[in-house]
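Okay, so here's the structure we're looking at.
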Amino acid sequence: TEFAIPKKEIDEYVDALLEGGLETALQRVVAHYTPKRDKVEAELRELAKKAPVMFMVPVQLQDHKGRPIAQIGSLEDDLDGRVVYQISQNMKFEDIFLRQVMNALVDRYALDAAKLLQYLYKSPVFENSKRGILQRGLQSYFAGDALCALHLLIPQIEDAVRNLVELVGGTVLKLGRGGGLHLRTLDELLRDEQVKRVLGEDVSLYLRVLLTDQRGINLRNNVCHGISPEKSFNIALADRVIHAILILAQVRKKVEN
């Protein structure tokens with residue numbers, strides 16, 4: 001379905017998000033593009049009233065080669081699966097607007113890799129030893145090289161989440177086969193109760209949909225396991241990765257008086 005949105009409405013939408021200075025604008029963008037589970041559930045129930053059959057029939061998801069990768073049940077039997085799937089669908093629609101917002105941040109505040117890197121390192125979740133990697137990833141992003149940016153930045157999201165777990169006193173290791181210790185997976189870390197307490201349930205869910213859930217975008221696994229075809233490395237996904245990094249940048253050390 002094609003539809004038109006007047007440029008004036010887009011400009012007003014972007015202006016409302018970006019007013020108040022760069023840091024305020026970044027915080028507002030983080031909040032605005034993070035889905036809220038309760039709203040998604042309400043949306044699903046409204047959609048089910050209009051098209052009940054769609055929400056009774058299971059959905060099978062396939063990868064780019066036609067291989068089945070996930071099964072989503074009916075709304076009644078598999079609410080979690082339907083929520084994940086709906087969030088991923090909503091994200092694809094919102095990406096049009098997020099792209100406009102990211103372009104406007106560059107135009108209005110001269111946002112570039114150096115400025116964004118400086119902002120990120122106000123948070124303790126980003127290690128100084130990884131600064132050069134983040135810098136190269138951000139430079140690729142602002143140059144429009146989504147393929148390079150995604151490969152560099154996605155592992156740094158995982159590293160930042162591990163750092164967050166350790167900062168709040170959690171463990172990033174688990175017992176593996178053969179008696180050794182393995183790092184917990186990103187999905188396990190995002191389900192950690194301490195992470196949920198710091199980031200919030202909605203953020204934890206959103207990051208799983210984006211990065212680790214086969215019913216959602218599953219970006220981390222698809223990229224890091226070499227599953228994604230070249231054409232899938234687009235700027236919309238890079239925008240979402242930047243958004244995820246900005247979410248983690250909101251974590252700050254509490255200053256005791």
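The values are calculated or read from the model by the stated rules, or taken from the named source; none is laboratory data. Everything numeric in this text was worked out from a predicted model, so none of it was measured. Ideal geometry is used to build each Cβ from the backbone, glycine not excepted, and the neighbour counts take in all protein chains shown. Calculation scope for accessible area: heavy atoms of the full protein, side chains included, ligands and nucleic acids excluded. Shrake-Rupley method; radii C 1.70, N 1.55, O 1.52, S 1.80 Å.
Before moving on, here are some points about what is shown:
- For a straight C-alpha distance cut-off of 24 angstrom, the lysines reachable from LYS36 (same-chain residues fewer than eight places away being disregarded) are LYS49, LYS50, LYS92, LYS196.
- Label point distance in nm, ASN234-LYS7, each placed 7 Å from Cα along Cα→Cβ: 2.4
- Candidates LEU175, LEU75, LEU105, ranked by Gaussian network fluctuation over the chain, Cα under 10 Å, top entry: LEU175
- Whole-angstrom Cα spans of the stretch 18-66 along principal axes, big to small: 47, 33, 14
- Projecting label points 7 angstrom from Cα along Cα→Cβ for LYS65 and GLN135 puts them 3.9 nm apart.
- With the Kirkwood sum run over all distinct C-alpha pairs, the stretch 1-111 has a hydrodynamic radius of 16.5 Å.
- Note on the chain: GNM, Cα springs under 10 Å; of LEU189, LEU116, LEU181, the largest mean-square fluctuation is that of LEU181.
- Taking θ as phi - 60° and the Karplus parameters 6.51, -1.76 and 1.60, the scalar couplings of the stretch 72-78 work out to 10, x, 5, 4, 5, 8, 9 Hz in sequence order, x denoting glycine and proline.
- Globularity index of the stretch 99-152, i.e. its alpha-carbon radius of gyration over 2.2 N^0.38 Å: 1.14
- By the Kirkwood approach, averaging reciprocal distances over each pair of separate Cα atoms, the stretch 101-215 gets a hydrodynamic radius of 15.7 Å.
- Inter-probe distance in nm under a simple model that places probes 7 Å from Cα toward Cβ, at ASP187 and ILE227: 0.9
- ASN103-LEU175 FRET efficiency (beta carbon distance; Förster radius 35 Å; 0.05 resolution): 0.15
- A 1.4 Å probe run over the chain, with the rest of the protein chains in place, finds 54 Å² accessible per residue.
- Accessible-area composition of the chain, carbon plus sulfur, in percent [1.4 Å probe]: 52
- Choice from GLU41, GLU166, GLU12 with maximal GNM fluctuation in the chain (Cα, 10 Å cutoff): GLU12
- Sparsely packed chymotrypsin sites (Phe, Trp or Tyr not before Pro) within the stretch 1-68, loop by DSSP, other Cβ within 10 Å at most 14: PHE3
- Kirkwood hydrodynamic radius of the chain, Cα pairs, Å: 19.6
- Cα-only Debye scattering, the stretch 133-199: base-10 log of I(q)/I(0) at q = 0.20 Å⁻¹: -0.82
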